[in-house]
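The structure appears below as structure tokens.
The values are calculated or read from the model by the stated rules, or taken from the named source; none is laboratory data. Note that the structure is predicted; figures quoted are calculated from it, not measured. Here the Cβ is made from the backbone with ideal geometry for all residues, glycine too, and neighbour counts use every protein chain on show.
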Amino acid sequence: MKTKLARFIKKREKIFTEKGADLEHKRWARWQNYIMTKLFRIASRSEKRITLTVPIKYWKKWKREIKSPYAELSEEEKESDRKQTRAYLPVIRKEKIIFVKKIIETVGKLKKENERKKHIREESSEKYRQGYEAAISDIEQGLQKTAEELK
């Protein structure tokens, strides 16, 4: 059985994937719209077929960009890619906030549990230390299990 944290992360990954796919579709649609503004339309005598041609200047430019690693692009081309990437930042920020809130909620629960067991600390500091070490060990094991489940 997966840990609560692993289930939470998996759920958020699915949500992020859907939001990212929506952004990617919008990016693709903008690109396709841009491409359509650069093509020449040649209608055939039949209404069933349209021939589109790419002006040679765009064909050469896009062919070069396709073959070029990002590091070799011009600053203008890099900025165009950065602009596309920035569209993902609001989604990533929102997911980070949700994740941090979940961590804060979990820490809050741990603090409440710690307060509930306060009397144990007062009875024996050695027992408390041992309990604390055991709790830390449990948390570490839980995080390791979560990490393994997310692979």
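Looking at Lys60, Lys78, Lys48, which is the one that is basic (Lys, Arg), surrounded by fewer than 12 Cβ atoms within 10 Å (Cβ to Cβ) and at pLDDT 90 or above? Walk me through it before giving the result.
Values: Lys78 fails: surrounded by fewer than 12 Cβ atoms within 10 Å (Cβ to Cβ); Lys48 fails: at pLDDT 90 or above.
Selected residue: Lys60, the only one of Lys60, Lys78, Lys48 that is basic (Lys, Arg), surrounded by fewer than 12 Cβ atoms within 10 Å (Cβ to Cβ) and at pLDDT 90 or above.
Does region 6-19 contain any residue that is in contact (Cβ under 8 Å) with a residue 12 or more places away in the chain, aliphatic (A, V, I, L, M), surrounded by 11 or more Cβ atoms within 10 Å (Cβ to Cβ) and over 30 Å from Lys145 (Cβ atoms)?
Step one: of region 6-19, the residues in contact (Cβ under 8 Å) with a residue 12 or more places away in the chain are 6, 8-10, 12, 15-16, 19.
Add one more test, that the residue is aliphatic (A, V, I, L, M), and what stays is 6, 9, 15.
Filter once more, so that each one left must be surrounded by 11 or more Cβ atoms within 10 Å (Cβ to Cβ): 6, 9, 15.
Filter again for over 30 Å from Lys145 (Cβ atoms), leaving none.
Checked region 6-19: no residue is in contact (Cβ under 8 Å) with a residue 12 or more places away in the chain, aliphatic (A, V, I, L, M), surrounded by 11 or more Cβ atoms within 10 Å (Cβ to Cβ) and over 30 Å from Lys145 (Cβ atoms).
Note down all Cβ pairs under 9 Å where the first residue falls in region 120-143 and is farther than 21 Å from Leu5 by Cα and of a type in the set (Val, Ile, Thr), the second is modelled with pLDDT of 70 or more and surrounded by 10 or more Cβ atoms within 10 Å (Cβ to Cβ), and they're at least six residues apart or on different chains.
Ile120/Gly131
Would region 91-110 turn up any residue that is closer than 29 Å to Tyr34 by Cα, surrounded by 12 or more Cβ atoms within 10 Å (Cβ to Cβ), modelled with pLDDT of 75 or more and out of contact with any Cys (no Cβ under 6 Å at 6 or more places or on another chain)?
Looking only at region 91-110, we keep the residues that are closer than 29 Å to Tyr34 by Cα, and these are 91-93.
Imposing the further condition that a residue be surrounded by 12 or more Cβ atoms within 10 Å (Cβ to Cβ) reduces the set to 91-92.
From what's left, modelled with pLDDT of 75 or more: 91-92.
Remaining after also requiring out of contact with any Cys (no Cβ under 6 Å at 6 or more places or on another chain): 91-92.
Yes.
Could you tell me whether Ile97 is aliphatic (A, V, I, L, M) and more than 20 Å from the chain's Cα centre (by Cα)? Can you show your working first?
Numbers: aliphatic (A, V, I, L, M): yes; more than 20 Å from the chain's Cα centre (by Cα): no.
Judged against the criteria, Ile97 is not a match.
Read through the list (1) of a type outside the set (A, V, I, L, M, F, W, C); (2) closer than 30 Å to Lys145 by Cβ; (3) out of contact with any Gly (no Cβ under 7 Å at 6 or more places or on another chain), then give the number of the only condition that Thr3 fails.
Every listed condition holds for Thr3 apart from (3).
Go through region 20-41 residue by residue and tally those that are surrounded by 11 or more Cβ atoms within 10 Å (Cβ to Cβ) and aromatic (Phe, Trp, Tyr).
Counting residues in region 20-41 that are surrounded by 11 or more Cβ atoms within 10 Å (Cβ to Cβ) and aromatic (Phe, Trp, Tyr) gives 1.
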